[in-house]
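Peer 1: Below you will find the structure I want to go over with you.
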Amino acid sequence: MTLKTNLHTHTRRCRHAADQDDRAWVEAAIAAGVETLGFSDHCPWQRADPAPPPGFRSGVRMDPEEIPDYFGSLLALREEYKDRIRILIGFEVEHLPRRIAGQDALFAPWPVDYLICGQHFLGDGSDEWNGNWVGAPSDDESRLADYVDRCLEAMESGRYLYLAHPDVIDYTGPTPVYERHMSRLCGWLAAHDSPVEVNLLGISGHRHYPRENFLRLAADCGCKAVLGVDAHDPARLLDPAPEAEARAMCARAGLPVVEPL
Ligand SMILES: [Zn+2]
Ligand SMILES: [Zn+2]
């Protein structure tokens, strides 16, 4: 990899990542030439307000009770590997106003280095147990508008280092409508020198993002891009192909790539 800083890394605790020890991600990052590795596993949610249905267990995030193990493990690795790599510890978080206070209470005892916003769900987050995430194809403009409003609110809060996969929303309606709403988002990000992430998991996983038309729009608005490996498997840190493709996409779009720190 030519990437020196990757702040988008998951661990097995989110239950959809490789079942490997945290050390495997650190070793892979060192082998890849990464100098700063930021862990940003999916944030845990407090159990109430709104509470999930009885018996529900998330397949996309750790339980609150796993936070001590997350920090315990990563702080020990930070110390052990301090001469070889810089390790940061954060979370990828949905900005859901009803959950912010509870989330802050969960994080308060721990040395959180940073948060990135990954707006996978809207509303109060109950879409998680209803199986309705923003990446599901939809031509509903109100959903697109809601997504953009929520991302803007998130970034205006100053809580997040950057917006992960801003093009995760899979709007399938008319292009002018898509561009009208997404240019609101890109305009704000450009004005505040807040980069858009080009998500390498989207490339390696052949997902609907990153979208070329979004990257062109971001470039037209004056945005800069950062690359996020979104590594759910240590092997993702060792594969140069998605990074090369992301850089080629940015070059075609005229979007400058910068390091996130
Ligand atoms: Zn994400
Ligand atoms: Zn992620």
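Peer 1: Condition first: under 17 Å from the mean Cα position of the chain (by Cα) and crowded, with 22+ Cβ neighbours inside 10 Å. Can you find one or more residues in the stretch 171-180 that meet it?
Peer 2: Step one: list which residues in the stretch 171-180 are under 17 Å from the mean Cα position of the chain (by Cα), which gives none.
Scanning the stretch 171-180 turns up no residue that is under 17 Å from the mean Cα position of the chain (by Cα) and crowded, with 22+ Cβ neighbours inside 10 Å.
Peer 1: Name the residue that is nearest to the chain's Cα centre (by Cα), counting only residues in the stretch 67-84 that are closer than 12 Å to Val26 by Cβ and buried (at least 17 other Cβ atoms within 10 Å of the Cβ).
Peer 2: Just the residues of the stretch 67-84 that are closer than 12 Å to Val26 by Cβ, to begin with: 73-74, 76-82, 84.
Right, trim to buried (at least 17 other Cβ atoms within 10 Å of the Cβ) and you get 73-74, 77-78, 81.
Numbers: Ser73: 21, Leu74: 19, Leu77: 22, Arg78: 21, Tyr81: 24 Å.
Checking each candidate, the answer is Leu74.
Peer 1: Of the residues Gly135, Gly90, only one is surrounded by 20 or more Cβ atoms within 10 Å (Cβ to Cβ), within 22 Å of Trp45 (Cβ to Cβ) and within 16 Å of ligand 2 (Cβ to nearest atom); which? Can you show your working first?
Peer 2: Values: Gly135 fails: surrounded by 20 or more Cβ atoms within 10 Å (Cβ to Cβ).
The conditions single out Gly90.
Peer 1: Just to be sure I understand, how many residues within the stretch 67-102 are small (Gly, Ala, Ser) and within 23 Å of His165 (Cα to Cα)? Even if it seems obvious, please write down each step before you answer.
Peer 2: Our first condition is that a residue be small (Gly, Ala, Ser); within the stretch 67-102, this holds for 72-73, 76, 90, 101-102.
Checking which are within 23 Å of His165 (Cα to Cα) leaves us with 90.
The qualifying residues number 1.
Peer 1: A further question follows. Given the residues Arg61, Arg12, which is the only one that is in contact with a Phe, Trp or Tyr (Cβ under 7 Å, 6 or more places away or on another chain) and of a type outside the set (Val, Ile, Thr)? I'd like the intermediate steps shown before the answer.
Peer 2: Values: Arg12 fails: in contact with a Phe, Trp or Tyr (Cβ under 7 Å, 6 or more places away or on another chain).
Of Arg61, Arg12, the one residue that is in contact with a Phe, Trp or Tyr (Cβ under 7 Å, 6 or more places away or on another chain) and of a type outside the set (Val, Ile, Thr) is Arg61.
Peer 1: Looking at Val196, Val258, Val229 in this structure, which one is within 14 Å of ligand 2 (Cβ to nearest atom) and in contact (Cβ under 8 Å) with a residue 12 or more places away in the chain?
Peer 2: Numbers: Val196 fails: within 14 Å of ligand 2 (Cβ to nearest atom); Val258 fails: within 14 Å of ligand 2 (Cβ to nearest atom).
Selected residue: Val229, the only one of Val196, Val258, Val229 that is within 14 Å of ligand 2 (Cβ to nearest atom) and in contact (Cβ under 8 Å) with a residue 12 or more places away in the chain.
Condition check ((1) within 16 Å of ligand 2 (Cβ to nearest atom); (2) free of Cβ contacts under 8 Å to residues at least 60 places away in the same chain) across all residues:
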position	(1), (2)
Arg99	no, yes
Gly102	no, yes
Leu106	no, no
Ile116	yes, no
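Peer 1: Now for a separate question. Out of the stretch 102-153, which residues are closer than 28 Å to Ser73 by Cβ, within 16 Å of ligand 1 (Cβ to nearest atom) and of a type in the set (A, V, I, L, M)?
Peer 2: Across the stretch 102-153, the qualifying residues are Leu115, Ile116.
Peer 1: Any residue in the stretch 45-66 that is at positive phi, in contact (Cβ under 8 Å) with a residue 12 or more places away in the chain, surrounded by fewer than 13 Cβ atoms within 10 Å (Cβ to Cβ) and touching an Asp or Glu at 6+ places or on another chain (Cβ under 9 Å)?
Peer 2: Within the stretch 45-66, the subset at positive phi is 49, 55.
In the following step, the residues that additionally are in contact (Cβ under 8 Å) with a residue 12 or more places away in the chain were identified as 49.
With surrounded by fewer than 13 Cβ atoms within 10 Å (Cβ to Cβ) added as a condition, the list becomes 49.
Cutting the leftovers down to touching an Asp or Glu at 6+ places or on another chain (Cβ under 9 Å) gives us 49.
Within the stretch 45-66, one or more residues are at positive phi, in contact (Cβ under 8 Å) with a residue 12 or more places away in the chain, surrounded by fewer than 13 Cβ atoms within 10 Å (Cβ to Cβ) and touching an Asp or Glu at 6+ places or on another chain (Cβ under 9 Å).
Peer 1: May I pose another question? Has the stretch 106-129 got any residue that is surrounded by fewer than 17 Cβ atoms within 10 Å (Cβ to Cβ) and hydroxyl-bearing (Ser, Thr, Tyr)?
Peer 2: yes
Since every read-out is calculated from the coordinates, none of them should be taken as a lab result. Predicted model only: the values in this text are computed from it and were never measured. Backbone-built Cβ (ideal geometry, glycine too); neighbour counts: all protein chains shown.
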